[in-house]
Amino acid sequence: MRSLILFLIVALSWTGASVAQVKKPKKKPRKFSWVNPLKQKIPGVKHATFRSSSMGIDVGYCIYLPPAYSHTARKRFPVVYYLHGGRPGSEIKSVSLARLMHQHIKAKKVPPMIYVFVNGGPVSHYNYPQIKNGMGEDVFIKELIPHIDRTYRTIADRSGRGLEGFSQGGRGTARIMFKHPNLFCSAAPGGGGHATEKRISENEGRESERLKFALGYNTWDLAKKYAKNPTPKLSILVHVGTKGFNYQNNLQYMEYLNSLKIPFEKLIVKDAPHSARIIYQKNGLDLMRFHAKNFGLVKD
């Protein structure tokens with residue numbers, strides 16, 4: 001009996017060792033870079049860089065130019081800046097959406113527009129001066145937008161400039177549209193984590209033990225500030241999928257915008273998970289037509 005017990009103890013110890021050995025190591029956080037080469041071919045899309053004057057380094061972006069861009073030498077086009085999800089930032093994260101955008105433009109379902117896919121920086125679309133080269137919002141607003149207007153035939157004022165993003169990019173879109181309404185006439189925040197933004201608002205800027213932002217630097221406080229003086233007028237479309245994990249807090253945020261008397265449209269995508277790709281497959285044309293309408297390219 002003693003031998004059997006000893007055998008079982010040894011067997012169990014070896015089993016435990018085997019389980020321990022096959023445990024998957026924790027994934028290391030992805031290393032951030034301001035330049036990320038585009039390795040896939042997408043119609044109309046190219047990767048480019050500009051020199052950041054504030055950081056003294058190159059910053060990457062991807063740009064989609066519609067077919068009509070190369071057919072005329074003088075015509076100017078409106079531009080939509082697309083803010084990716086996730087952290088840290090990368091200009092190639094959401095660029096595959098350009099395939100769907102190109103299909104709709106090529107089929108003449110929506111007028112031609114330029115799309116720019118932004119690198120949001122190490123904390124994705126936030127200014128975070130606590131780390132070196134961490135001012136993602138400023139690099140976008142103060143450097144990328146002027147570079148795009150100098151380099152390409154854009155309509156270089158708010159009447160031809162839109163903003164859109166999903167998840168972290170949805171949070172970024174909502175913050176930036178309320179902070180810089182003078183720069184954009186059209187904004188479509190999607191699937192943003194507004195519950196997290198509310199926590200930041202209620203905890204003196206703290207998102208977590210590791211991340212603390214400036215006071216008032218969140219989608220709730222900036223909306224409240226904008227509501228006190230809602231000029232210039234923003235055209236806003238909040239979009240979210242019904243099966244996305246941020247669905248309920250997006251509904252709550254819409255109720256908050258209503259309480260502030262901030263006008264907005266909503267796009268609720270039935271059965272869509274937390275996925276910009278699936279939302280674009282289902283209702284991307286609606287998002288594109290929303291911007292086109294605000295640019296004066298199509299009628300209601």
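The values are calculated or read from the model by the stated rules, or taken from the named source; none is laboratory data. What you see is a predicted model, and the numbers here were worked out from it, not measured in a lab. FYI the Cβ positions are ideal-geometry reconstructions off the backbone, even for glycines, and counts take in every protein chain you see. Side chains included, ligands, DNA and RNA excluded: accessible areas come from the protein's heavy atoms. Shrake-Rupley method; radii C 1.70, N 1.55, O 1.52, S 1.80 Å.
Quick notes on this one:
- ARG175 being open to solvent by less than 10 Å² (accessible area, probe 1.4 Å), farther than 15 Å from TYR115 by Cα and in a helix (DSSP H, G or I): yes
- Inclusion of GLY121 among residues that are open to solvent by less than 30 Å² (accessible area, probe 1.4 Å) and on the phi > 0 side of the Ramachandran plot is warranted.
- Search result, residues across the stretch 175-203 that are more than 20 Å from PHE295 (Cβ to Cβ), in contact with a strand residue (DSSP E or B) (Cβ under 9 Å, 6 or more places away or on another chain) and aliphatic (A, V, I, L, M): ILE200
- Residue in the stretch 164-172 that is of a type in the set (Ser, Thr, Tyr) and buried (at least 20 other Cβ atoms within 10 Å of the Cβ) present: yes
Let's see how each residue does on (1) over 17 Å from the mean Cα position of the chain (by Cα); (2) in contact (Cβ under 8 Å) with a residue 24 or more places away in the chain; (3) open to solvent by less than 10 Å² (accessible area, probe 1.4 Å):
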site	(1), (2), (3)
GLU197	no, yes, yes
GLY216	yes, no, no
ASP221	yes, no, no
SER235	yes, yes, no
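- The lone exception for ASN182 - which of (1) on the phi > 0 side of the Ramachandran plot; (2) of a type in the set (S, T, N, Q); (3) over 13 Å from the mean Cα position of the chain (by Cα) it fails: (1)
- Where ARG206 falls short, out of the listed (1) charged (D, E, K, R); (2) closer than 30 Å to PRO129 by Cβ; (3) modelled with pLDDT of 95 or more; (4) out of contact with any strand residue (DSSP E or B) (no Cβ under 9 Å at 6 or more places or on another chain): (4)
- Flag for LYS142 being within 19 Å of the chain's Cα centre (by Cα), of a type in the set (Lys, Arg) and over 28 Å from ASN246 (Cα atoms): yes
- Residue match in the stretch 70-88 (condition: closer than 26 Å to GLY170 by Cβ, touching a Gly at 6+ places or on another chain (Cβ under 6 Å) and either free of Cβ contacts under 8 Å to residues at least 60 places away in the same chain or open to solvent by 30 Å² or more (accessible area, probe 1.4 Å) (or both)): no
- Near pairs, Cβ below 6 angstrom, 6+ apart or cross-chain, from the stretch 57-68 (under 24 Å from LYS108 (Cβ atoms) and touching a residue at least 24 places away in the same chain (Cβ under 8 Å)) to any residue that is of a type in the set (Phe, Trp, Tyr) and surrounded by 24 or more Cβ atoms within 10 Å (Cβ to Cβ): CYS62/PHE117; TYR64/TYR115
- The stretch 250-259, residues that are over 14 Å from PHE166 (Cα atoms) and either surrounded by 15 or more Cβ atoms within 10 Å (Cβ to Cβ) or touching a strand residue (DSSP E or B) at 6+ places or on another chain (Cβ under 9 Å) (or both): LEU251, TYR253, MET254, TYR256, LEU257
- Filter result for the condition that a residue is among the β-branched types (Val, Ile, Thr), open to solvent by less than 10 Å² (accessible area, probe 1.4 Å), over 18 Å from GLU207 (Cβ atoms) and touching a His at 6+ places or on another chain (Cβ under 8 Å), over VAL139, VAL116, VAL110: VAL110
- Taking the conditions (1) in contact (Cβ under 8 Å) with a residue 40 or more places away in the chain; (2) assigned to a helix (DSSP H, G or I); (3) polar (S, T, N, Q) in turn, SER201 satisfies each one other than (1).
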